[in-house]
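*Asks:* Have a look at this one.
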Amino acid sequence: MSRIGKAPIVIPGGVTVTIANDEVSVKGPKGQLSQKINGGIIVEQEDGQLIVKRPSEQKQHKALHGLYRSLINNMVTGVTEGYKLQQELVGVGYRATNTGNTLDLVLGFSHHVVFELPKEISVTTASEKGKNPIITLESIDKQLLGQVAAKIRSLRTPEPYKGKGIKFVGEELRRKAGKSASKK
């Protein structure tokens, strides 16, 4: 049995879960999310908890058991607390500004990079003197938030020598020694 899959999902107060036609919808104080359930996985609601079960011990059912339990748990957490990611722009002259859901980035190219964010994600930018600019992304959908953050990071991935680029706050980069380190 999957350790993740067999753990029940506790439904906090103020959250309503509806299960109909292989689709689980979760509605909470921050919004509403839904997830289609494929592969014969069974989701049951009993006394304030959601339990995810698999119909057999087939490899496909084992693979989907923990996946759907995690996706539903992320939805419940998202509609109650929400998710937040911060990214840091490391580099001389790198800047970030936003107007609504449009992110304007200066990343050392000959042009500005304008990035349009989905309406489900809210963005704020902060730049203090002497510190790297920080982009803060917030959403109730963890999957969409991670995908957008990865897309922003791919605009200028951190390089291993000086660490210039867009990185997540707290991310440890693998650094390399430059040319001068090899001559002795």
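The values are calculated or read from the model by the stated rules, or taken from the named source; none is laboratory data. These numbers come from a predicted model, not from an experiment. Cβ coordinates were reconstructed from backbone atoms using ideal geometry, including for glycine residues, and neighbour counts include every protein chain displayed. We work out accessible area using only protein heavy atoms, side chains counted, and drop any ligands, DNA or RNA first. Shrake-Rupley method; radii C 1.70, N 1.55, O 1.52, S 1.80 Å.
*Asks:* Looking at segment 49-89, which trypsin sites (Lys or Arg not before Pro) are DSSP coil and have at most 13 other C-beta atoms within 10 Å of their C-beta?
*Replies:* none
*Asks:* Running a GNM on the chain with Cα contacts under 10 Å, which residue among S56, S122, S139 ends up with the highest mean-square fluctuation?
*Replies:* Sorting by GNM fluctuation, first place goes to S56.
*Asks:* Over segment 128-184, with the other protein chains present, what is the accessible area per residue in square angstrom, probe 1.4 angstrom?
*Replies:* Per-residue value: 71 Å².
*Asks:* A further question follows. Pick from Q147, Q58, Q32 the residue whose mean-square fluctuation is largest in a GNM of the chain, springs joining Cα atoms under 10 Å.
*Replies:* Looking only at Q147, Q58, Q32, the biggest GNM fluctuation is shown by Q58.
*Asks:* Counting only heavy atoms of protein chains, what accessible area per residue, in Å², does segment 9-94 have with a probe of 1.4 Å? Provide the component values of the computation, followed by the final result.
*Replies:* Values: 4610 Å² over 86 residues.
Solvent-accessible surface per residue comes out at 54 Å².
*Asks:* I would also like to ask the following. Relative contact order for segment 1-80: what percent, with Cα pairs under 8 Å and sequence separation of 6 or more? Show your work: numbers first, answer last.
*Replies:* Values: 134 pairs, mean separation 29.8, N = 80.
Relative contact order here is 37 percent.
*Asks:* While we're here: Straight distance only, please: which lysines reach the Cα of K179 with their own Cα at less than 17 Å, same-chain residues fewer than 8 apart left out?
*Replies:* Once the sequence-local lysines are set aside, what remains near K179 is K162.
*Asks:* Further question: Using DSSP loop states and a limit of at most 14 other Cβ atoms within 10 Å to flag chymotrypsin sites (Phe, Trp or Tyr not before Pro), what is the longest stretch of the chain containing no flagged site?
*Replies:* Longest stretch, sites excluded: 1-108.
*Asks:* Between L144, L173, L89, where does the largest GNM mean-square fluctuation fall for the chain, given springs only between Cα atoms within less than 10 Å?
*Replies:* L173
*Asks:* Tell me, what ³J(HN,Hα) does each residue in segment 150-163 have, in order and in whole Hz, if you take phi through Karplus 6.51 cos²θ - 1.76 cosθ + 1.60 with θ = phi - 60° and put x for Gly and Pro?
*Replies:* Listing the rounded values in order: 5, 5, 5, 4, 6, 5, 8, 5, x, 8, x, 8, 10, x Hz.
*Asks:* Considering all alpha-carbon pairs of segment 10-103, what whole percent are spaced by more than 21 angstrom?
*Replies:* Values: 2041 of 4371 pairs.
Counting every Cα pair in segment 10-103, those more than 21 Å apart make up 47 percent.
*Asks:* Using θ = phi - 60° and the Karplus relation 6.51 cos²θ - 1.76 cosθ + 1.60, list the HN-Hα couplings for segment 75-82 in order, rounded to whole Hz, with x at every Gly or Pro.
*Replies:* Those phi angles translate into 5, 4, 5, x, 6, 9, 10, x Hz.
*Asks:* Can you tell me the alpha carbon radius of gyration of segment 40-184 divided by the globular rule-of-thumb value 2.2 N^0.38 Å?
*Replies:* 1.41
*Asks:* Consider just the alpha-carbon atoms of segment 131-184 and return their Rg together with their Dmax, both in angstrom.
*Replies:* Here Rg and the maximum Cα pair distance are 14.9, 54 Å.
*Asks:* Given the pairs K84/K167; K131/K164; K62/K84; K6/K53; K62/K142; K6/K30, which are separated by over 19 angstrom at their Cα positions?
*Replies:* K62/K84; K62/K142; K6/K30
*Asks:* Moving on. Please go through segment 126-175 and write out the trypsin sites (Lys or Arg not before Pro) that DSSP classes as loop and that have at most 15 other C-beta atoms within 10 Å.
*Replies:* K129, K131, K162, R174, R175
*Asks:* Within the chain, what whole-number % of the accessible surface is contributed by carbon and sulfur, with the 1.4 Å probe and all protein chains included in the calculation?
*Replies:* 50
*Asks:* Sum -39500 (n - 2.57) across every DSSP H segment of at least 4 residues in the chain, then divide by the residue count to get the 222 nm mean residue ellipticity, nearest 500. Mind dumping the intermediate values first?
*Replies:* Details: 3 runs with 39 residues, N = 184.
Helix-only estimate at 222 nm: -6500 deg cm²/dmol.
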